[in-house]
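Asks: A single structure is presented below for examination.
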Amino acid sequence: MIKVKNLGKVYQAGAHPVVALADVDLTVKPGEFVAVMGPSGSGKSTLMNLLGCLDTLTSGSYHLDGMEVSGMSDTELARIRNLKIGFVFQAFNLLPRMSAMRNVELPMIYAGVAPRERARRAAEALERVGLGKRMSHRPGELSGGQIQRVSIARALVNNPAIILADEPTGNLDTRSGEEIMAIFQELNRGGATIVLVTHEREIALHTSRIVHFRDGRLVDDEPVAAPLDAREHISAAAPAGQAGRYAESGGASTQ
């Protein structure tokens, strides 16, 4: 699904070049769930920008779903971002005056999907993340965990080849973070390919593989033998009488 070879990114800061990434080789197979970790300034955010076609590489090659994207024009890259990649951001990036339904419909508007089909797919995506009863709510009427689930639904509606999640639990409390990880795990069990950046080791242990960056280089690539199951953590933490509500909502609590 993803194959980068000798990937490099250099920024020009005044008279001095800054090497953000150097000689990175990374392959992500279809259906993998990969966490990217590293200290601040290690290059993990730069990597996500390159994988998401939000920035262009300086050297090396990048193949996404069998396509070499490094030589594409801005128009081609915009189309790739819209059709091949689903983004989930720490800051949510929802439009505050639009309902959950309208926010989820936005990528399909840019993709030219007909209104009736947009509404059907948006409703289906919101149901999938446990927000079937919150479709008309605006972001200001939702909790942080619910807002992030709207952004996950938005990432799903164009059936992307890969989901890129940048610190998706960073602004959430522990329980909400577990609920978001439960959704990602369910999507991954359904075949979704996911690359997730996190600074939290416990969040990374919900994935099947962790790659570590330091000083712009990939320094370690470790499998996770027994990933943590977010559903078990939520059930264990739920107050009496509440554990069943997670399952009833399709994998996420509706609170």
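The values are calculated or read from the model by the stated rules, or taken from the named source; none is laboratory data. The model shown is predicted, which means the values in this text are computed figures rather than measured ones. A quick note on method: Cβ atoms are made from the backbone with ideal geometry, for glycine too, and the neighbour counts reach across all protein chains shown.
Asks: If Asp74 meets every condition in (1) over 16 Å from Thr46 (Cα atoms); (2) in contact with a Leu (Cβ under 7 Å, 6 or more places away or on another chain) apart from one, which number is that one?
Replies: (2)
Asks: Scan region 91-122 for residues that are more than 20 Å from the chain's Cα centre (by Cα) and of a type in the set (Gly, Ala, Ser) and report the count.
Replies: Count: 4.
Asks: Give me the pairs: first residue in region 93-107 and within 15 Å of Leu126 (Cβ to Cβ), second residue loosely packed, with under 12 Cβ neighbours inside 10 Å and of a type in the set (S, T, N, Q), beta-carbon distance under 6 Å, and six or more apart or on different chains, which are they?
Replies: Hits for this filter: Ser99/Ser136.
Asks: Look at region 35-91 and say how many of its residues are of a type in the set (D, E, K, R) and under 16 Å from Thr193 (Cα atoms).
Replies: So the answer is 3.
Asks: Might you let me know whether region 221-234 holds any residue that is modelled with pLDDT of 90 or more, out of contact with any His (no Cβ under 8 Å at 6 or more places or on another chain) and either surrounded by 23 or more Cβ atoms within 10 Å (Cβ to Cβ) or not in a loop (DSSP other than H, G, I, E, B) (or both)?
Replies: yes
Asks: Identify all residues within region 6-18 that are under 13 Å from Leu57 (Cβ atoms) and in contact with a Phe, Trp or Tyr (Cβ under 8 Å, 6 or more places away or on another chain); write none if there are none. Talk me through it step by step, then tell me what you get.
Replies: At the first step, the residues of region 6-18 found to be under 13 Å from Leu57 (Cβ atoms) are 6-11.
Passing the criteria: only Leu7.
Asks: Looking at Phe87, Phe92, can you tell me which residue is modelled with pLDDT under 90 and more than 22 Å from Glu222 (Cα to Cα)?
Replies: Phe92
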